[in-house]
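Worksheet: one structure, shown below.
A short reminder: the numbers here are calculations on the coordinates, not readings from a lab. All of these numbers come straight from a predicted model, not from anything done at the bench. Positions of Cβ are generated from backbone atoms using ideal geometry, with glycine treated the same way; all protein chains shown enter the neighbour counts.
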Amino acid sequence: MNMSSSAGDSAAQAFFPRADSPATARDPDQSVKERPHSVGPVFDHKHANDPLLQFDSHVHESVYGKDPTEAPEAAPPPQPEWLHDRYLSPSLTHNERLRLTVLWYYTRLITQDDQLMTKLQDMVKIVQKYMGWEFAIVGTLDEAVYTRLATANLPLAILPRRESTCAHTVNQKPGSVFSITDMPADWRFKSSPHVEYGGLKSYAGTQLRLKTDKGEEIALGSLCIASNTVEKPLTPEQKVALVSFAAMLTSEIVSTTRQNRLRAKQSMSEALMKLQAHDYTCQEEFEAAVLDVVRAMYSSANVSIQHSTDDTLLLEGGTSLPFTTVQSGLWENTRLIDEAITSGNQARLFSTQTARAVVGNCARYNIFLVVSTNEMQRVYDDYDAWFVRSCAQMLGDFVQQQHLQEALRAKEAFLRGITHQLRTPIHGVLTSSELLAEELTSKHCTQRLHVRNDFETALSYVSTIQRSGTELMSTVNDMLKLNNWSRHKAQNIRAQSYNLRNLEADVMADIFSTFFDHYHKDVSISFEGHGTVQESIVSLDPVLLKDALQPLILNALHATTHGTITISTKVENSVLQFDIVDTGCGIPIDAQARIFQAFEKGTPHARGAGLGLTLANQAVQLLGGTLSIVASTEGVGSHFRVVVPGLVFACGPRTTEAQVELKSLPKRFYQLPGSGGTPILLSFLTRHLVQRGFVETANPHGSLIIMEKPNPDGLGLQVVKSLKDPHTIICVTLDDVSTSGHLSLLQQMIPIHHTIAVSGPFYAGRIDQALLMADQQYALTSVDKNVASPTTGITNAAALTTGDLASLAALSLSSPHPLKKAVSSFRALLVDDNSVNLRILRMYCEKRAIPYVLATDGDEAIEQFQQASVSNPIHLILMDLQMPRCDGLIATAKIRAYEKETDLKPCTIFMVTGQDSPGDRLISMEAGANEYFVKPVSLKRLDKEIARYFNKS
């Protein structure tokens, strides 16, 4: 037997139910009765325009008896002498306003619900068959009419309340049956319109009733049976059945209303979501959107946004509404409704004044959202209050956000100004001290040894200035960056392809610009894994990656005075992981839970402001990752981990942009025995040489020699002395190379050799600088082996310092200036409105023998550039960002435009500014800048970047 079936077979179709679908089966021949829209028939025209009287307990007892529903028949009491009407007119109920309010709420628009009407119709037919009387009717009784919702053997109709027998039923005891089986014999009804004109003989009815939250029973209308013949009185069982049928019908009405309100709340929620989904530019635009949404929900109501300082609202019709009278967001004009019920119940109630209102407020800004109506039959509930209150809260939140944005704009303007004011003088202090160190070192190289103590004293003062300025700049940068992160949004993240093989060079490029490494000479920083990652291209924001890793490395440096710092990179599936492990002081256990909070530190005496880990954590979060402490033990060290999931990787080139090219050095090295005081540094140097393709040899002759600072009578020094030809030596030390007497003594003992001293913190970039210097020195030695002299040796010994105070001067004196090769090939334009900054840039260019012209604003820079382009063009521009008249962005854009118009070769533009926001950096690059430097700019870095752009030329 073939059990397969095609996807189109009806037998194979799946069924997916809908929660709101009607599941009842209907007779296809059965249709919903057409509903009447006008009142009729009306028999008592004489009293048609007279309102019903209010409830009076004495009158009620005199016409109905003390308890007429306890007996099988509601026997009439004697006719009162004061009653002269032809028939007994009903009165209002004792709780008419409450009854009508509940009725209006639960029966609003129910006649438009065909499903409910059909269900009521079926139930009424069952009632008629079960009770055995001729007719059955279920209906509601409002202020003026009785509306037949469903009938058996009678047409639907809207009847005057005065003429309806059911208007008497709602005034009886709740849960009872009001029964009269011979109405023509009852003085109260024998002349009533339905008996006299309609032929009604027997009637029995009970209330459609429900309880309020406070326990009071309310009659919405009635369920009744009737006949045009005299019927037997109902048995007790029949009365109970009639009451039960009425309860079932009431339950259907209430259930339908509740379902309708749930659907209405869903619509409200969707409207709120749509309101939140859009972006609005101003308060007026958002208020208009709120009004549109609320008016769509309450099309027949008056909707307004009011601003009131005394909590008094003005409603339609001149009604003044104190907000203190609003209860849970809802208000009704009780007095107005009572008066209308009393005097106008002969027709549908109407008023020109406001009858009900829903009010939502935002107290912080005295803003009120008001929905009001003069339609008394429109009853609002807690869902309405929730919706209007939510809209008002959104309005208040938007206003608060607008105020916050204004405050942030003011704060940003202030911080932009204060950033410039803070960084500019610090820039002056640091760069001036750096230039002074160069000058002192340069002059010292020509002095006799007996003035060394004076030189060291002066240089120590400069060192103190630079160290203090560097730490101050670090704190300022962290605080300003923390402010930037607080308003940095996900849409500002700019992902791009990034090669992880460049990670070490990019992260370490400027990490020491705001970190004084004087106390960290015995520290090595190793990057592992990034160079061996096969899928090295990843799509992310490289600026954020740098902002995430740099603070973690600086934190490790703060904690580690001697030892190692390892940054491991791991790529697995779509996850990028970094592990930062140090052998520092560790973090106390009680501080680890709060270490990522702003201004928190492991110990109160730890260096820094306590912002680095906060900044790292925020940067990692913006990358979509997590930062955590894997382990930290006091006295042992710490292990931090960064995990960024959901990334896309691709294979990239195996070479890195930042790798130094060595042309002359032999590819073998010999390690001399030393003092054993710097094993970490020597081990790092050895590993790095092996990674660069060097091979360790047992023969020192003709090899690159590496060593620790030797003891005067040590074996290493003896080996060096035994070498007859000049050799290049890299010596690792914990001393400040520029002031070390031991290294100078070493040069006197072995004057023919060229020693390049290096101290920590060790990292690949620093070793590569030493190797490059060694490569250059080896090339010079190969040309003329007699070039070596004691003076040359001292110069080279001071070539790379750990304090970074005299290193640049030493670099300048060896070979002699790195940039002098390019002096004739480029010309600079220096642009800054600050005279101190301009003077520093001028001194820098003069010391580097770079021809230059000056400009104090963007307009002058453009003019200088255009004039020079004719005969002596500008190749390098150092441009300030924030200047009067014409700022650096406009000037850069106009210069780039001029180059295109005149077919000029694009010049190199370095933006040198005190602004450090991602936005400023981005728009500077978009305007045409090649590099972006934040003050203070290290002269070494400026040298490096200028050399990168111009040395090859």
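Give me the extension gain from V575 to S191: residue separation times 0.36 nm, minus the current Cα-Cα distance, reported in nm with one decimal. Before the final figure, lay out the partial values.
Details: separation 384, 0.36 × 384 = 138.24 nm, distance 9.14 nm.
The span from V575 to S191 would gain 129.1 nm if fully extended.
Within segment 128-168, list the residues whose amide N lies under 19 Å from a label point set 7 Å along Cα→Cβ of D338.
143
On each of the three principal axes of the Cα atoms of segment 57-262, give max minus min coordinate, whole Å, ordered largest first.
53, 35, 30
From the C-alpha coordinates alone, can you work out the Kirkwood hydrodynamic radius of segment 820-950, in Å?
Values: mean 1/r = 0.0686 Å⁻¹.
This gives a value of 14.6 Å.
Over the residues of segment 32-172, compute the C-alpha Rg and express it relative to 2.2 N^0.38 Å.
Cα-based Rg divided by the globular estimate yields 1.14.
How long are the semi-axes of the ellipsoid equivalent to segment 34-111, from square roots of 5 times the Cα gyration tensor eigenvalues, in whole Å, largest first?
Numbers: eigenvalues 150, 71, 40 Å².
Gyration-tensor ellipsoid for segment 34-111: 27, 19, 14 Å.
Whose amide H sits under 5 Å from the amide H of R209, counting only residues 5 or more places off or on another chain, with H placed in the peptide plane?
Those lying under 5 Å, H to H, from R209 are L220.
Is there a pair in K33/K119; K33/K125; K663/K709; K521/K667 whose C-alpha atoms are over 18 Å apart, and which pairs would that be? Intermediate values should be presented prior to the final figure.
Details: K33/K119 12 Å; K33/K125 14 Å; K663/K709 27 Å; K521/K667 27 Å.
Pairs exceeding the cut-off: K663/K709; K521/K667.
So what are the ³J(HN,Hα) numbers for segment 585-594, from phi and the Karplus equation (6.51, -1.76, 1.60; θ = phi - 60°), rounded to whole Hz, Gly and Pro as x?
These are the phi-based 3J(HN,Hα) values: 7, x, 10, x, 4, 5, 9, 5, 6, 10 Hz.
Quick one: what are the phi-derived ³J(HN,Hα) couplings along segment 495-502, Karplus 6.51/-1.76/1.60 with θ = phi - 60°, whole Hz, x for glycine and proline?
Each residue's phi maps through the Karplus curve to give 6, 8, 6, 9, 8, 5, 5, 8 Hz.
So what are segment 496-650's ellipsoid semi-axes, whole angstrom, largest first, if each one is the square root of 5 times an eigenvalue of the alpha-carbon gyration tensor?
Ellipsoid half-lengths, sorted descending, are 25, 17, 14 Å.
With label points built 7 Å along Cα→Cβ from the Cα atoms of R839 and E61, find their separation and express it in nm.
10.9 nm
Measuring from a point 7 Å past the Cα of S308 along Cα-to-C-beta, which residues in segment 327-346 have an amide N at less than 14 Å?
Zone members listed by number: 327-333.
Whole-Hz Karplus ³J(HN,Hα) for segment 375-383, in order, using 6.51 cos²θ - 1.76 cosθ + 1.60 and θ = phi - 60°, x for Gly and Pro?
Going residue by residue, I get 7, 5, 6, 8, 9, 9, 10, 5, 5 Hz, with x marking Gly and Pro.
Just order 576-584, 936-944 by mean Cβ neighbour count inside 10 Å, highest at the front, would you?
On the way: 576-584: 21.2, 936-944: 19.7.
Order by mean packing, descending: 576-584, 936-944.
What residues of segment 216-236 lie in the reach of a label at E252, counting those whose backbone N is under 14 Å from a point 7 Å from the Cα along Cα→Cβ?
222-224
Using a Förster radius of 60 Å, what is the FRET efficiency between E899 and L715 based on their Cβ-Cβ separation? Nearest 0.05, please.
Numbers: r = 62 Å, r/R0 = 1.04.
For R0 = 60 Å, the calculated efficiency reads 0.45.
Relative to the present Cα-Cα distance, how much length would full extension add between S299 and H278 at 0.36 nm per residue of separation? Please list the in-between numbers first.
Details: separation 21, 0.36 × 21 = 7.56 nm, distance 2.23 nm.
Separation in residues times 0.36 nm, less the Cα-Cα distance, equals 5.3 nm.
Residue separation times 0.36 nm, minus the C-alpha to C-alpha distance between Q54 and L154: what's the value?
Numbers: separation 100, 0.36 × 100 = 36.00 nm, distance 3.08 nm.
Contour length minus the Cα-Cα distance gives 32.9 nm.
Amide H neighbours of V145 under 5 Å, counting only residues 5+ apart in sequence or on other chains, H built in-plane at 1.01 Å?
R161
Distance in nm between label sites at K724 and E846, each 7 Å beyond Cα in the beta-carbon direction?
5.1 nm
Segment 282-326 to segment 133-191: how many Å between their Cα centroids?
Cα centroid to Cα centroid, the span is 43 Å.
Once amide H atoms are placed 1.01 Å from N in the peptide plane, what residues at a sequence separation of 5 or more from T755, or on another chain, have their amide H within under 5 Å of its amide H?
When sequence neighbours closer than 5 places are left aside, the close amide H contacts are I729, A797.
Quick one: Kirkwood hydrodynamic radius for segment 148-187, alpha-carbon pairs, angstrom, one decimal? Let's see the in-between values first.
Working: mean 1/r = 0.0819 Å⁻¹.
That comes to 12.2 Å for segment 148-187.
Once you wrap a convex hull around the alpha carbon atoms of segment 280-405, what is its projected area averaged over all directions, in nm²?
Details: hull surface 31.4 nm².
Result: 7.8 nm².
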